[in-house]
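Chemist: This is the structure I have questions about; it appears just below.
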Amino acid sequence: MRIFREIGADADAGAQPAEEIAQLRANLAGVKSIIAVASAKGGTGKSSIVVNLAAALALEGRKVAILDADLNSPTIVAMLGMKVPRRFHSMDGIEPSAGPLGLRVAASNLIAGGEPPPMSFLEDEPVPAISSNGHGPFELSYSATLRRLLTQTRFGMLDLLLIDLAPGIDQLLRIARIAPLSGALIVTQPSEISVRASSAALEMASMCSTRVMGLIENMVGFNCDGCHSVRPLMPHGDLAAVAKTAGIPVLGRLPFDPRLAECCDRGVIFVREYADTPLARQLTALAQSLDLSSPNPIQAEMPPA
Ligand SMILES: Nc1ncnc2c1ncn2[C@@H]1O[C@H](COP(=O)(O)OP(=O)(O)OP(=O)(O)O)[C@@H](O)[C@H]1O
Ligand SMILES: [Mg+2]
């Protein structure tokens, strides 16, 4: 049995040994599509959307896993209402935890035990595994830990691996250097500031080889159940113009519904619990519209079976 500290302690963030690359390829060979969900700004709704897209696809019989790549503030486990195991057990790899609807989940708080995880993940310069006084939280390299999660978690055969990123488009650039992504989704909000940040993010994303599959505009308005109108929550920036300039589609414009926040807090699946609401219907339609046919680059290289 290995403990998480050992995984981080021997992780050299700078180098990616050939052996590790081979392991990553073998580990993800059964995953048809790998999609990362990113945002320029925090709190746009990435994690809630990831959980509900995954659930909507699982409800249709798809095999889906989620990697919570927000190592310092993992939320997927709580949003799915899963229990955090007390400690990490593994002989030769990490078994993803079983969530509702057959979803498989890998997250820093699952392997470390406890919430929040008793460690912090720092930037990529080599850092000591234990802070200088020997008593502080473990300090592990962020990229090296992500790489270890991807190479050691036995995802098995999947239609889709959804990766929930921490905020900031640098996170997309980081994961694109580690994982063979099929594509990325960028979640934004209607405000002018959020739209401007997303525009800059798209420019940065175009510098990495990852295909941005589309933008999702979240919290565009409040659905009034009484009068069936949609009232805007905030002044709108012109996301359509940004999308047009970048040549990237807006895949969804999702309304605000407090029941989604409530479900996330309670660990209940919104698209199942409130399936008949406009937001749940849109999330389900969005999940169904995702292009899962573009294989992850590892699968793309493999000869047809
Ligand atoms: N359309 C929506 N309607 C109502 N509440 C929403 C909606 N989208 C997200 N929320 C709520 O907003 C809060 C922030 O969402 P979430 O944690 O998913 O954002 P995030 O982008 O993952 O944040 P971070 O950048 O910190 O990772 C949560 O309480 C979530 O349930
Ligand atoms: Mg999040």
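The values are calculated or read from the model by the stated rules, or taken from the named source; none is laboratory data. Bear in mind that the values here come from a model prediction, so they are computed numbers and not experimental data. Reconstructed Cβ throughout: ideal geometry from the backbone, glycine too, with neighbour counts over all protein chains shown. With ligands, DNA and RNA removed, areas are computed over all heavy atoms of the protein, side chains included. Shrake-Rupley method; radii C 1.70, N 1.55, O 1.52, S 1.80 Å.
Chemist: What net charge do the residues around Pro180 carry, taking every other residue with its C-beta under 10 Å from that of Pro180, with Lys and Arg at +1 and Asp and Glu at -1?
Modeler: Working: positive: Arg25; negative: Glu301.
Neighbourhood net charge equals 0.
Chemist: Still on this model: Sort Tyr142, Tyr274 from largest to smallest accessible area, using a 1.4 Å probe on the heavy atoms of the protein chains.
Modeler: Descending order: Tyr274, Tyr142.
Chemist: Have a look at Ser198, Leu160, Val271 and report the one farthest towards the positive end of the charge dipole of region 155-305, computed about the Cα centre with Cβ charges (Lys/Arg +1, Asp/Glu -1).
Modeler: Positive-end residue among those listed: Ser198.
Chemist: Moving on. Using only protein heavy atoms and a 1.4 Å probe, report how much of Arg104 is accessible, in Å² to the nearest 10.
Modeler: Answer for Arg104: close to 60 Å² accessible.
Chemist: Next question, about the same structure. Under a crude label model (7 Å from the Cα following the beta-carbon direction), how far is Asn72 from Thr245 in nanometres?
Modeler: Once both label points are built, they end up 3.0 nm from each other.
Chemist: I've got another one for you. Among 289-300, 143-154, 261-272, how do they line up from the highest to the lowest mean number of other beta-carbon atoms within 10 Å? Each step should come with its number before you reach the end.
Modeler: Details: 289-300: 15.4, 143-154: 21.9, 261-272: 18.3.
So the peptides 289-300, 143-154, 261-272, ranked by packing, come out 143-154, 261-272, 289-300.
Chemist: With a 1.4 Å probe and every protein chain kept in, tell me what percent of the accessible surface of region 263-305 is carbon plus sulfur. Display every interim value, and only then the final one.
Modeler: Values: 1240 of 2400 Å².
About 52 percent, which is the carbon plus sulfur part of the accessible surface.
Chemist: Now, a different point. Arrange the residues Lys41, Lys83 by how much accessible surface each exposes, largest first, with a 1.4 angstrom probe.
Modeler: Values: Lys41 85, Lys83 175 Å².
The residues order as Lys83, Lys41, largest area first.
Chemist: Apply the a/c threshold of 1.5 to the C-alpha gyration tensor of region 200-305 and tell me whether it is rounded, prolate or oblate.
Modeler: Working: a/c = 2.65, a/b = 1.44, b/c = 1.83.
It is oblate, given that a/c is not under 1.5 and a/b is not larger than b/c.
Chemist: Rolling a 1.4 angstrom probe over the protein chains, ignoring ligands and nucleic acids, what is the accessible area of Met204 in square angstrom, nearest 10?
Modeler: Probe radius 1.4 Å; accessible area of Met204 about 80 Å².
Chemist: Now for a different question. Would you tell me the accessible area of Met207, worked out with a 1.4 angstrom probe on the heavy atoms of the protein chains, in Å² to the nearest 10?
Modeler: Per-residue accessible area (Met207): approximately 150 Å².
Chemist: Continuing with this model, one more query. With r as the distance between the Cβ atoms of Asp170 and Glu192 and R0 = 25 Å, compute the FRET efficiency 1/(1 + (r/R0)^6) and round to 0.05. Can you show the working numbers first?
Modeler: Numbers: r = 22 Å, r/R0 = 0.88.
According to the calculation, E is roughly 0.70.
Chemist: Related question: Using 0.36 nm per residue of separation minus the Cα-Cα distance, give me the extension gain between Ile21 and Arg231 in nm, one decimal. Spell out each step's value before the answer.
Modeler: Details: separation 210, 0.36 × 210 = 75.60 nm, distance 4.94 nm.
Working it through step by step, the gained length comes to 70.7 nm.
Chemist: In square angstrom, what is the accessible area per residue of region 148-305 with a 1.4 angstrom probe? List each step's numbers first, then the result.
Modeler: Working: 7290 Å² over 158 residues.
Here the residues of region 148-305 average 46 Å² of exposed surface.
Chemist: A further question follows. What nm distance separates the two modelled labels at Met157 and Ala300, each placed 7 Å from Cα along Cα→Cβ?
Modeler: Simple spin-label model gives 2.4 nm for this pair.
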